[in-house]
2 protein chains.
Amino acid sequence: MQKNPVQCQFVTALNSIVGKWKPIILYHLLQGKPLRFNELRRLLPDITQRMLTLHLREMEEEELVKRVIYPQIPPKVEYSITEYGMSLSPILEVLHQWGAAHVERKQFNKENNEQTETD
Amino acid sequence: MQKNPVQCQFVTALNSIVGKWKPIILYHLLQGKPLRFNELRRLLPDITQRMLTLHLREMEEEELVKRVIYPQIPPKVEYSITEYGMSLSPILEVLHQWGAAHVERKQFNKENNEQTETD
DNA sequence: TGGTATAGTATTAAAAAAGGTACTGTTACG
DNA sequence: CGTAACAGTACCTTTTTTAATACTATACCA
């Protein structure tokens, strides 16, 4: 594994939030309300069932997310954030703030690049 | 692209720091001292030349890192953090803190899993 | 009887990220 | 003359991540 202790800390933290959809899943669960599988799907219109399942399973294994099955038909499964998961909140927050501050810049750069490429 | 504005902010922020080696490269450059290519290699013993080049090029394009070539033989190229790159500092810091606080937990879980798998 | 809702799984394919190895040109050192 | 240091590039392979599509079981509703 990683020998460098500093790298190790980054890796540990990033593993918990990296994945195309993990930050938004966490963001929604951090609102506090438990969410059902299809509620999450509706909140993330572009995610496939498979990817949602995979990400939730991963986060469940990391104990960031709790999965509760209600033995009903039709099935009901609720996902909620754990206390451990809540500890990620400051990370999500700075990411969110930084992103908000710099989305414009990225946009600008992108448009600029597309223009200069035609020169 | 991402329709969801919240996701977009996360994506923007994460794109800048995600990449197996980007956080540590940034971490080292954030110390302030410009670093030469091979100085970075020595700081990241397991990275290949190729990956270091790729990551530096990407971060250069994003204006997180500045590349200065000194026309000498043997060649000398110095990499340093830009002001924009410095704005990532709070993100790196919370990640680092969270990681430091939770490396142990991960370690514990891992050992536990390895044990229970033999049951 | 057919359709809908739930929460998924299985299989395959495609795309993205990372890695491995060899190679470049120039100069200084011994 | 042989070798090392510098800062890479080229080419190819492997691994990881993400996506697309079809499929499952059960119950309720019309």
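The values are calculated or read from the model by the stated rules, or taken from the named source; none is laboratory data. Quantities reported herein were computed from a predicted structural model and do not represent experimental measurements. Cβ: placed from backbone, ideal geometry, glycine included. Neighbour counts: every protein chain shown. We work out accessible area using only protein heavy atoms, side chains counted, and drop any ligands, DNA or RNA first. Shrake-Rupley method; radii C 1.70, N 1.55, O 1.52, S 1.80 Å.
Which distances, shortest first and in nm, link B:Gln97 to the matching position in the other copies, using label points set 7 Å out along Cα to C-beta?
1.0
Nearest 100 Å² is fine: what is the total accessible surface buried where chains B and A meet, probe 1.4 Å?
4000 Å²
To one decimal in nm, how far is B:Arg50 from the same spot in the other copies, if labels go 7 Å from Cα toward Cβ? Please give the shortest first.
B:Arg50 label point versus its equivalents elsewhere: 2.8 nm.
With every protein chain in place, what's the accessible area of A:Met86 (1.4 Å probe, Å², nearest 10)?
The value for A:Met86 is about 100 Å².
Distances from B:Ile73 to the same residue in each other copy, label points 7 Å out along Cα→Cβ, in nm, shortest first?
Sorted ascending, the copy-to-copy spacings read 8.2 nm.
Would you work out the charge dipole size for the range B:5-116 about its Cα centre, treating the Cβ of every Lys and Arg as +1 and the Cβ of every Asp and Glu as -1, and quote it to the nearest 20 debye?
Computed about the Cα centre, the dipole is about 340 debye.
With a ≥ b ≥ c taken as the square roots of the eigenvalues of the C-alpha gyration tensor of the range A:1-71, please select rounded if a/c is under 1.5 and otherwise prolate if a/b is larger than b/c or oblate if it is not?
prolate
In the range B:5-116, with Lys and Arg counted as +1 and Asp and Glu as -1 at Cβ, which of these residues, B:Ile73, B:Met86, B:Gln49, has the Cα nearest the positive end of the dipole, that is, farthest along it?
B:Ile73
Number of Lys-Lys pairs in chain A under 29 Å by Cα, sequence gap 8 or more or different chains?
For chain A, qualifying lysine pairs total 15.
Take each uninterrupted DSSP H stretch in chain A, measure its Cα extent along the helix axis, and return the ones at 15 Å or beyond whose mean Kyte-Doolittle hydropathy is at least 0.5.
On the way: long enough: A:5-17 (19 Å, 0.78); A:49-61 (18 Å, -0.90); A:89-116 (39 Å, -1.11).
Taking the DSSP H segments of chain A (at least 15 Å long, mean hydropathy at least 0.5), we get A:5-17.
Per-residue accessible area for A:Phe10 at 1.4 Å probe radius, Å² rounded to 10?
That residue has around 0 Å² of solvent-accessible surface.
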